[in-house]
1. Is the stretch 238-259 home to any residue that is closer than 27 Å to residue 174 by Cβ, without any contact (Cβ under 8 Å) to a residue 12 or more places away in the chain and either under 20 Å from the mean Cα position of the chain (by Cα) or surrounded by fewer than 17 Cβ atoms within 10 Å (Cβ to Cβ) (or both)?
2. Somewhere in the stretch 196-206, is a residue in a helix (DSSP H, G or I), in contact (Cβ under 8 Å) with a residue 60 or more places away in the chain and more than 21 Å from the chain's Cα centre (by Cα)?
3. Looking at 280, 263, 288, 273, which one is under 23 Å from residue 86 (Cα atoms) and either surrounded by fewer than 17 Cβ atoms within 10 Å (Cβ to Cβ) or more than 21 Å from the chain's Cα centre (by Cα) (or both)?
4. Anything in the stretch 214-226 that is under 17 Å from the mean Cα position of the chain (by Cα) and surrounded by fewer than 20 Cβ atoms within 10 Å (Cβ to Cβ)? List them, or say none.
5. Whether any residue in the stretch 211-224 is under 22 Å from residue 22 (Cα atoms) and either free of Cβ contacts under 8 Å to residues at least 24 places away in the same chain or in contact with a strand residue (DSSP E or B) (Cβ under 7 Å, 6 or more places away or on another chain) (or both) is what I want to check.
6. Examine the stretch 291-298 for a residue that is surrounded by 12 or more Cβ atoms within 10 Å (Cβ to Cβ), in contact (Cβ under 8 Å) with a residue 24 or more places away in the chain, over 27 Å from residue 81 (Cα atoms) and touching a helix residue (DSSP H, G or I) at 6+ places or on another chain (Cβ under 7 Å), and state whether such a residue exists.
7. Quick one: which residue in 57, 89, 102 is under 27 Å from residue 145 (Cα atoms) and touching a residue at least 12 places away in the same chain (Cβ under 8 Å)?
8. Taking the condition within 19 Å of the chain's Cα centre (by Cα) and in a loop (DSSP other than H, G, I, E, B), does residue 188 pass?
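The values are calculated or read from the model by the stated rules, or taken from the named source; none is laboratory data. Quick caveat: nothing in here was measured; it's all calculated off a predicted structure. All Cβ positions, glycine included, derive from the backbone under ideal geometry; neighbour counts span all protein chains shown.
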């Protein structure tokens, strides 16, 4: 019973940091889409922070529970699939090119099957109807692989991390960073990137009892945003590798103290908003851009981006409260 109560703990500070990371991803993408790459230059690293958090949180929630693999995957699908379905259907409405392929793309997207046999050469998206969904696929995949291994001994766990360290250093050096994921060409690399961050997060959970490290959420949140906003340098590969392999695990370990009062409530809101904001920000941007073009707008003026960003956040919150949470409650009641 004590173990069940412990597994229900939310780790509110970490939830709040998840929301900060989701905002970082949105700003990074909007910067890229509008020709302003300096806007949160390393926002793509937020995905590695997500995976590290996932390793910690899944180990906390399911590491000791008596539940089968199908039950575990059912709960993961209930958590993730409603927004996946919404974004795939929404993406089918805003796609302009290759309309004849939309039924195929929609079917694959709803089943979370990556499109690895794309005919286009090079960097073809594995989920054309919502490119950020690549990380949701790997979130499900790494969880499915982790669950049977959740009671793996510490030595084997450490050995997997040790083997991946030079691999990830080589990848980061060769690519100038770890900016991979959404495309077919880097699919395998993205799997390794996901596994490395997840294993580190799982490791954080296993050593937390002896890791005397804590910082308040009001310190960690701006630090995380600063890490994501740091400008590119000639040693970008090393920066990415250090963030992934050291900075993010330390932040997860330091963020285990729940913030009190108003800060705690803000962290809960930030955590609740994080997933819908991440899942919906591409679709929200595309919908607002279509409206902007229909009203005669041209280019990507700063004013449009400044209005679009809070509207995307508000839209994500509305979808969370009116669609995602009610549907998940119904699915859990079945």
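1. yes
2. Checked the stretch 196-206: at least one residue is in a helix (DSSP H, G or I), in contact (Cβ under 8 Å) with a residue 60 or more places away in the chain and more than 21 Å from the chain's Cα centre (by Cα).
3. 288
4. Result: 225, single match.
5. yes
6. There is no residue in the stretch 291-298 that is surrounded by 12 or more Cβ atoms within 10 Å (Cβ to Cβ), in contact (Cβ under 8 Å) with a residue 24 or more places away in the chain, over 27 Å from residue 81 (Cα atoms) and touching a helix residue (DSSP H, G or I) at 6+ places or on another chain (Cβ under 7 Å).
7. Going through 57, 89, 102 in turn, the sole match is 57.
8. no
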